[in-house]
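As structure tokens, the structure follows; a few thoughts come after it.
The values are calculated or read from the model by the stated rules, or taken from the named source; none is laboratory data. Keep in mind it's a predicted model, so treat the numbers as computed, not measured. Note that each Cβ is placed from the backbone with ideal geometry, even for glycine, and that neighbours are counted across all protein chains shown.
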């Protein structure tokens with residue numbers, strides 16, 4: 001039986017993002033300076049319930065409570081908890097609201113590798129005494145079929161969520177009022193458990209300061225880009241091999257496992273063999289385009305990458321008609337078109353018009369060049385319909401044009417923001433603001449994960465656009481804005 005308190009690092013540190021932003025940086029540097037001392041003094045004070053700020057042009061917004069929920073995530077690299085800040089109508093029991101949100105989980109179809117709780121699980125009781133929060137769950141929790149790592153992730157999520165909501169150092173888990181040794185047979189829960197803040201998801205260490213770190217973080221969240229197993233680094237400036245690219249395409253397209261005959265003589269023992277077989281069976285790659293060797297460890301040239309990207313995009317877009325991709329641009333003319341293999345020319349142009357893999361500022365496409373892993377991450381997130389790929393603000397959820405029918409509006413992505421402060425708002429079709437607030441990413445210097453869940457009863461109108469943006473510390477101006485069109489069919493706060 002494993003023990004939940006194993007650690008990935010030597011510290012049990014309180015995460016950067018827990019430091020609250022009691023006041024947002026507004027429009028002038030003087031205002032920022034005047035409030036800085038107040039902000040500093042409140043770094044360790046986390047308000048569980050606050051009133052929504054009055055919105056510009058509106059009489060006011062409903063009173064609300066905000067709290068953090070740490071959703072369990074199980075990736076190839078490790079288990080994590082993914083923090084999402086919730087904005088809900090005012091409630092007195094933050095711990096109960098947070099636990100119910102945790103059990104409800106994230107929406108289906110995000111692509112993120114969240115571990116799900118049995119949805120019928122109920123919180124029977126919740127109380128705090130002598131610095132220990134005790135949560136009593138219904139026996140439905142014992143139906144979690146998640147394996148040892150998944151069970152550990154569920155428990156980490158419970159403990160971190162309640163430790164934050166109830167401001168305690170330890171959490172005890174009961175089932176139907178009784179002590180139990182374990183939830184699913186793997187993790188010892190006989191005593192109170194401590195939160196491990198080092199489990200908070202903050203991506204690959206070597207990509208946080210990289211310009212493509214936001215796109216890389218999104219792909220890691222989906223187990224599309226998993227890093228090198230020997231040290232769990234992503235090496236964003238390393239050129240991408242043919243095997244690595246086809247593997248990621250197979251994951252993006254969620255190709256089923258298959259065992260066709262292997263036509264390539266150099267693939268019998270290669271690590272990518274299962275992915276190449278899946279791609280062959282699905283027609284993503286054609287054995288006729290290669291000779292008897294696939295040369296999996298060769299750097300894949302941009303022209304070949306474009307050749308594979310176009311049909312992959314077509315298949316992905318056809319399966320997800322709700323995504324509103326940008327309109328294709330005019331088909332470009334590249335200065336080095338004569339260097340492109342004739343077999344690849346048309347798809348290279350189409351790929352560039354779709355905005356997936358474009359040319360260089362000097363006018364060429366660079367058909368024989370390779371692509372770094374960071375560059376490839378931006379290409380693949382564009383294929384996925386992720387907004388802001390390759391920028392400081394990457395929004396993976398919602399996808400542009402996605403329909404929001406019921407439940408809260410959930411936003412997932414990554415941001416590189418000073419002290420992690422990330423602003424967001426919703427506008428209606430007339431451009432009026434119907435919700436305006438901020439959150440904090442999981443990393444204050446470089447890219448960190450962001451997550452927000454907004455109860456639609458707090459909206460003062462029907463949202464048509466999500467805007468995620470940063471505020472300049474120099475002059476208070478807005479910059480680096482990422483916009484996402486959304487379709488909203490539910491009720492709102494009007």
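The figures follow:
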{"read-out": "Hey, residue 366 modelled with pLDDT of 95 or more, in contact with a strand residue (DSSP E or B) (Cβ under 8 Å, 6 or more places away or on another chain) and either surrounded by fewer than 24 Cβ atoms within 10 Å (Cβ to Cβ) or on the phi < 0 side of the Ramachandran plot (or both) or not", "value": "no"}
{"read-out": "Close pairs from the range 277-304: first more than 21 Å from residue 371 (Cβ to Cβ) and in the same structural domain as residue 366 (by TED's automatic domain parsing), partner at pLDDT 95 or above and not in a loop (DSSP other than H, G, I, E, B), Cβ under 6 Å, at least 6 apart", "value": "278/250"}
{"read-out": "Residue satisfying all of: in the range 286-341; assigned to a helix (DSSP H, G or I) and either out of contact with any helix residue (DSSP H, G or I) (no Cβ under 9 Å at 6 or more places or on another chain) or at positive phi (or both); surrounded by the most Cβ atoms within 10 Å (Cβ to Cβ) among these", "value": "314"}
{"read-out": "Residues of the range 176-194 satisfying the condition of being buried (at least 20 other Cβ atoms within 10 Å of the Cβ) and either in a strand (DSSP E or B) or not assigned by TED's automatic domain parsing to the domain that holds residue 123 (or both)", "value": "187, 193"}
{"read-out": "Any hit, the range 252-270, residues being in contact (Cβ under 8 Å) with a residue 40 or more places away in the chain, closer than 18 Å to residue 381 by Cα and assigned to a loop (DSSP other than H, G, I, E, B)", "value": "yes"}
{"read-out": "Failed item in (1) modelled with pLDDT of 95 or more; (2) in a strand (DSSP E or B), with residue 479 passing the rest", "value": "(1)"}
{"read-out": "Qualifying residue in the range 47-68 (condition: under 28 Å from residue 180 (Cα atoms), at pLDDT 95 or above and either assigned by TED's automatic domain parsing to the domain that holds residue 169 or assigned to a helix (DSSP H, G or I) (or both))", "value": "yes"}
{"read-out": "Of all residues making up the range 195-241, the number that are in contact with a helix residue (DSSP H, G or I) (Cβ under 6 Å, 6 or more places away or on another chain), touching a residue at least 60 places away in the same chain (Cβ under 8 Å) and outside any loop (DSSP other than H, G, I, E, B)", "value": "7"}
{"read-out": "Any chance residue 415 is in contact with a strand residue (DSSP E or B) (Cβ under 9 Å, 6 or more places away or on another chain), closer than 29 Å to residue 222 by Cα and crowded, with 21+ Cβ neighbours inside 10 Å", "value": "yes"}
